[in-house]
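Right, one structure below, let's go through it.
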Amino acid sequence: MLSNLNIENIAVIERASIDFHPGLNVLTGETGAGKSIIIDALNAVLGERTSRELIRTGAEKARVTALFEEISVRARATLNELGLQDEESTVLIQREILQSGKTTFRVNGIPATASMVRDIGKSLVNIHGQHENQQLLSPHLHIHYLDSLGDLQWQLEEYYRAYRRAVELKHQLDSLNLDTQDKERRMDLLQYQIDELEQAEISPGEREELAARRAMISNSEKIASGIGTARSILSGEEESAGVVQQLAEVSRLLEEAAKYLPALQNMADRTMEISYELQDIGEDLRSYAEQTDFDPEEIDRIEERLDTLYRLGLKYGRSEEDMLAYLEKAKQELDSIQFADERRARLEQEYQQAGTEAKTLALALSEKRRQAAEIFVERVTEELAFLDMPGVRLLVSQQRCHLNATGCDEVEFLISTNPGEPPKPMARIASGGELSRIMLAIKNVLADKDDIDTLIFDEVDVGISGRAAQKVGRKLRQVAQNRQVLCVTHLAQIAAQANSHLLIEKQVRDARTYTDVRLLDRAGRRYELARIMSGTEPSALQLQSAEEMLQAAEKAQNP
């Protein structure tokens with residue numbers, strides 16, 4: 001569960017450390033006090049998109065830290081997969097947002113990416129707000145509720161694998177279905193390209209080698225002149241001794257002197273070694289001199305070959321490797337066209353088998369959904385009756401359709417809010433308050449289908465009041481018996497059901513706006529409930545009503 005949320009420089013919150021507890025935690029406060037900012041901060045630390053506009057005016061950066069304790073098996077498995085598991089059953093997530101727009105995440109002190117944090121967040125918290133209510137108005141999402149209730153994920157995955165296989169085979173078949181004229185033209189073009197590339201006998205690195213050879217031939221006179229002069233200096237001319245001969249004489253003189261000064265012997269030996277080395281270099285230069293006699297026509301053959309490679313490169317790829325890869329691809333395509341009839345027959349057989357398998361799995365999945373729909377309608381109807389909506393009739397429309405990624409069903413929830421009226425799509429009938437209660441009912445029905453420890457309801461009380469609000473509050477507390485629930489509310493009937501009541505207050509100090517969060521004691525709760533009911537400074541009668549509301553909530557939980 002969420003144990004602590006630490007917020008620094010988020011909107012009007014300069015600094016707040018909020019401790020949450022097991023059971024139902026409610027957050028109340030005047031409009032504009034900053035209740036939604038706390039949800040925004042939690043969304044931010046769980047990896048959702050945000051912007052630097054969230055940073056408090058005048059601050060260089062913002063930071064949000066969330067501590068979760070006694071996390072679920074699913075959450076621990078996710079952390080293990082990502083290499084972020086601590087030894088204890090806790091996870092500490094931190095996000096820092098800079099004015100530059102840069103943002104960083106840490107999980108248990110280890111740097112992490114936004115996508116990693118989002119994966120972790122999905123196993124820790126389920127945030128339910130007005131956006132999720134709107135999902136009920138999107139029929140294409142309704143099918144997922146049935147799959148969740150029926151535990152059909154593994155069957156859906158099995159079907160999807162078969163469906164994707166059938167789709168891939170269909171694409172391969174379509175690519176073979178060229179008309180005869182197009183096929184002949186394509187085969188002629190491919191054969192021409194293959195012949196042209198094979199006749200060129202291209203080898204990798206050939207152009208680089210030819211360019212180097214051309215440069216050497218073009219500069220053959222400079223090479224010959226350099227080699228000749230170097231050899232003359234080393235070997236000498238008729239009238240003068242070369243470097244090799246002079247070094248040999250130096251070595252002889254030093255060796256003679258070493259008879260009287262032994263320290264010179266080392267120099268004599270080194271000089272002689274240098275003389276031998278230069279003598280070897282002279283021999284090597286003589287060998288290179290013999291290679292500088294080039295064929296005058298070779299440069300023309302090189303230019304012609306380079307021109308051929310250049311022209312081929314314009315058509316088939318810049319490098320020799322690209323041209324050879326094009327050749328291989330052309331051969332494969334030609335082969336596939338030439339043997340298309342045989343391949344088509346094989347693919348058609350495989351496609352029929354894959355289609356039959358996918359259809360069989362889709363029908364089995366559809367039957368499971370039908371069974372889940374019956375249970376879904378029964379249980380959601382019970383929940384709605386408790387939530388003061390006994391006249392609402394829910395129907396799951398399940399129509400057959402062509403195979404798609406989710407099977408062969410089109411699913412839509414239909415409702416009738418008044419007796420005698422036929423069920424119609426939710427988008428045409430349900431009000432905001434009805435959507436909130438319907439979603440709460442669905443959440444409660446699906447509560448045991450995941451092991452997420454923390455549920456957050458942001459303004460679940462939209463469009464309701466009175467008796468309905470009291471029922472919603474009792475339902476939230478019921479849900480909170482098995483998991484932690486956080487609820488932002490404007491209604492005293494819901495706030496009275498809380499196990500922990502947090503007050504969000506906005507204050508102005510030194511011409512700056514600040515938001516504070518504090519846990520209310522019993523007296524504080526009574527005063528806040530009375531304030532919510534009155535909208536102003538509560539009277540003694542309103543305080544008494546608030547006390548009665550608290551006592552009634554406690555009695556309902558402890559009969």
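The values are calculated or read from the model by the stated rules, or taken from the named source; none is laboratory data. Worth saying up front: this structure is predicted, and the values here are computed from it rather than measured. Cβ sites come from the backbone with ideal geometry, for glycine too, and all protein chains shown count toward neighbours. Protein only, heavy atoms only, side chains kept; ligands, DNA and RNA dropped before computing areas. Shrake-Rupley method; radii C 1.70, N 1.55, O 1.52, S 1.80 Å.
Checking the cross-link pairs K122/K506; K471/K555; K449/K475; K424/K471; K122/K368 against a 23 Å limit on the alpha carbon distance flags K122/K506; K424/K471; K122/K368 as lying beyond it.
Determine the shape class of region 377-493: with a ≥ b ≥ c the square roots of the Cα gyration tensor eigenvalues, call it rounded for a/c under 1.5, and otherwise prolate if a/b is greater than b/c, oblate otherwise. Judged from the Cα gyration tensor, region 377-493 comes out oblate (a/c at least 1.5, b/c at or above a/b). If the chain linking I375 and R214 were pulled fully straight, counting 0.36 nm for each residue of separation and taking away their Cα-Cα distance, it would gain 49.6 nm.
DSSP finds beta bridges in region 364-510, and of those with both partners inside it, around 70 percent are antiparallel. A simple spin-label model places the labels of Q544 and A289 12.7 nm from each other, with each point 7 Å out along Cα-to-Cβ. Each part gets one Cα centre, and for region 190-215 versus region 146-164 those centres are 53 Å apart. Ligands, DNA and RNA aside, F376 has an accessible area near 0 Å² when probed at 1.4 Å. Spatial offset of region 217-259 relative to region 34-113 amounts to 77 Å, using the alpha carbon center of each. Normalised per residue, the accessible area of region 35-129 is 50 Å², obtained with a 1.4 Å probe and no contribution from ligands, DNA or RNA. At most 11 other Cβ atoms within 10 Å and a DSSP loop assignment: could you name the GluC sites (Glu not before Pro) in region 237-280 that fit? Answer in residue order: E237, E238, E239. In the complete set of protein chains, residue-level accessible area for D284 is approximately 90 Å², probe 1.4 angstrom. Take the Cβ atoms of A447 and R512, set R0 to 35 Å, and the FRET efficiency comes out at 0.25.
Restricting attention to the chain, close to 75% of DSSP beta bridges with both partner residues there are antiparallel. For region 4-151, the relative contact order works out to 21 percent when only alpha carbon pairs closer than 8 Å and six or more residues apart are counted. For Y326, the solvent-accessible surface with a 1.4 Å probe is about 70 Å², rounded to the nearest 10. Counting only protein heavy atoms and a probe of 1.4 Å, the accessible surface of the chain is 48% carbon and sulfur. Helices in the chain, meaning DSSP H runs of at least 4 residues, each add -39500 (n - 2.57). Divided by all residues, the mean residue ellipticity at 222 nm is -18500 deg cm²/dmol.
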